[in-house]
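Here is the structure we will look at.
Just so it is clear, none of the values below were taken in a lab; they were calculated from the coordinates. Computed from a prediction, not measured in an experiment: that's the story for all the values here. When we count neighbours, we look across all protein chains shown, and the Cβ atoms used for this are built from the backbone with ideal geometry, even at glycine.
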Amino acid sequence: MAIEFVPLPLPASADPSKFAEFGREVKGVDPSAIPSNPELFKQIHDALYKYNALLFRGATVSPEDQYALTKAFDPTSESYGHGNNKTEKTAKSILHPDLKTIPRVPQVQLIGNGTVYNHEGLAEAMLKHPSHTTFHKTRVSEEDEAKGFTRYYRWHIDAALYNLNPPKVTTLYGLNVPAGKRQTIRYDDGTGDELEVPLGTTAFVSGATMFDILPADLKSVAIRSRVKYAPHPYVWMAPSRAMSTGLGIESDGLEMPLSELPEWEESRIKVFPVVWKNPVTGGLHFQVHPCGVMELYVDPLPEGANREGALFPDGAHLTDLKEVRDLLYKMQRPAIAPSLVYPHDWRDGDFVLFHNRGVLHSVVGAFTKDQVRAFHQCNLAASDEPAGPTAEDVKKWA
């Protein structure tokens with residue numbers, strides 16, 4: 001059977017015109033065979049950067065296979081994307097409860113829900129599906145939750161955002177996917193937006209679409225900007241609470257003071273472009289993890305650019321956290337509209353490979369304690385920083 005790339009089935013809520021180049025199911029190839037076949041890997045590599053998410057149904061993938069395929073996209077990468085200690089050796093990190101390391105392949109993490117026994121060298125692993133109820137400032141009431149209402153947990157890029165570079169790809173392998181009633185995501189932000197999704201979906205949005213749909217004045221800001229992330233951002237943000245859409249943190253001044261964080265160095269703080277350039281297509285992706293951002297730098301308009309109606313024509317350095325967050329939210333919120341979200345309907349044996357530098361994603365929903373869910377996740381801290389827009393890109397869009 002020849003390799004095929006078949007469009008993913010979209011929910012009725014999705015705008016098909018915005019998904020023409022997003023997501024493909026790959027047929028006719030075993031994921032474990034890809035790393036050792038250079039010609040096949042080149043096909044998968046280029047398809048991943050073109051479509052941003054690839055799905056293999058009914059796959060059988062060992063932790064070693066998953067690590068090998070993930071590493072093939074960045075051969076000199078080695079450690080798990082958050083570091084092999086994952087949480088900077090502190091239980092204060094918001095990532096602390098969510099990850100269990102596979103002992104013989106420490107770059108692969110076991111995630112899910114419920115208690116898993118005798119799994120890949122782990123005698124017993126108690127897993128907890130992240131829920132908005134522990135992270136958002138407000139929550140869906142227990143009564144509404146019982147009726148099937150839920151929220152996005154946290155829109156993000158898989159990245160440590162301090163010391164390590166964002167992984168190029170993430171692989172997710174669904175070993176045990178519990179069945180259950182569909183849920184309805186409520187945005188609870190005054191828009192009335194809702195989205196019906198499968199239980200425990202992973203929701204994806206395209207960073208390319210996020211940039212494409214911006215009005216001209218905000219495109220100009222995005223193409224000229226860089227974000228500065230907090231040191232140890234998952235510890236820094238832990239006392240805070242997220243917005244109801246999962247798209248960033250409420251500005252209530254609850255972040256941990258920098259003086260109380262684990263030891264950090266200014267040289268290890270990450271400053272990345274707001275817009276990242278796709279290495280295969282040359283496209284531009286709006287790639288910001290809104291929860292971890294601390295400051296925003298905006299370059300001046302390039303020489304000869306039209307200044308009429310331009311925001312920050314002479315550049316800016318925004319340090320007021322609320323101002324930074326409000327501006328980013330204004331730019332990112334349109335792209336998580338229900339019609340622009342792909343909510344994956346997981347099945348046992350689904351193996352998903354996604355372009356971590358081209359999409360944002362979110363955990364969704366909640367499980368009961370007796371709903372056992374087991375996934376393997378792998379991403380590797382990259383060997384290089386993401387490339388930003390070229391001078392030509394800035395001139396075109398600024």
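Per-structure values
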quantity: Net lengthening on full extension, Asp348/Arg104 (0.36 nm per residue, minus Cα-Cα); calculated: 85.5 nm
quantity: Cβ-Cβ FRET estimate between Asn37 and Ser339, R0 fixed at 45 Å, reported to 0.05; calculated: 0.75
quantity: Using a Förster distance of 41 Å, the FRET efficiency for Asp46-Asp252 (Cβ separation, nearest 0.05); calculated: 0.40
quantity: Descending semi-axes in Å of the chain, equivalent ellipsoid built from Cα gyration tensor; calculated: 31, 25, 22
quantity: Calculated diffusion of segment 211-312, Stokes-Einstein form, Kirkwood radius summed over Cα pairs, 4 °C and 1.567 mPa s, µm²/s; calculated: 83
quantity: CD proxy at 222 nm, helix term only [per DSSP H run n ≥ 4: -39500 (n - 2.57); per residue of the chain; nearest 500]; calculated: -4500 deg cm²/dmol
quantity: Shape call, segment 100-257: gyration tensor on alpha carbons, a/c limit 1.5; calculated: oblate
quantity: Segment Asn118-Ser17, extension gain: residue separation times 0.36 nm, minus the distance between their alpha carbons; calculated: 31.8 nm
quantity: Amide proton proximity set for Val108, modelled H, under 5 Å, gap of 5+; calculated: Ile102
quantity: Cβ-derived FRET efficiency at R0 35 Å, Met126 paired with Lys147, nearest 0.05; calculated: 0.80
quantity: Exposure proxy order (Cβ contacts within 10 Å, fewest to most) of His361, His317; calculated: His317, His361
quantity: The chain - share of DSSP beta bridges that are antiparallel (%, nearest 5); calculated: 95
quantity: Mean Cα-pair separation over length for segment 259-398, i.e. relative contact order, pairs under 8 Å, 6 or more apart, %; calculated: 35
quantity: Label point at Leu311 placed 7 Å out along Cα→Cβ; residues across segment 203-224 whose backbone nitrogen lies under 19 Å; calculated: 207-224
quantity: Per-residue Cβ neighbour rank within 10 angstrom, fewest leading, Met237, Met294; calculated: Met294, Met237
quantity: Burial order of peptide ranges 27-37, 41-51 (average beta-carbon count within 10 Å, highest first); calculated: 41-51, 27-37
quantity: Exposure proxy ranking, count of Cβ atoms within 10 Å, fewest first, for Lys228, Lys369, Lys128; calculated: Lys369, Lys128, Lys228
quantity: Residue-by-residue Karplus 3J(HN,Hα) for segment 339-348, coefficients 6.51, -1.76, 1.60, Hz, glycine and proline x; calculated: 6, 10, 9, 9, x, 6, 9, 5, 10, 3
quantity: Computed log₁₀ I(q)/I(0) - Debye formula, equal Cα scatterers, no solvent, segment 245-293, q 0.13, 0.20 Å⁻¹; calculated: -0.50, -0.91
quantity: Segment 149-215: Rg to Rh, with Rh as the Kirkwood radius over Cα pairs; calculated: 1.02
quantity: Amide proton proximity set for Ile185, modelled H, under 5 Å, gap of 5+; calculated: Thr150, Leu195, Glu196, Val197
quantity: Virtual paramagnetic centre 7 Å along Cα→Cβ of Glu4, amide N under 13 Å, in segment 10-42; calculated: 25-29
quantity: Neighbour net charge for Val324 - beta-carbon separation under 10 angstrom, K R +1, D E -1; calculated: -1
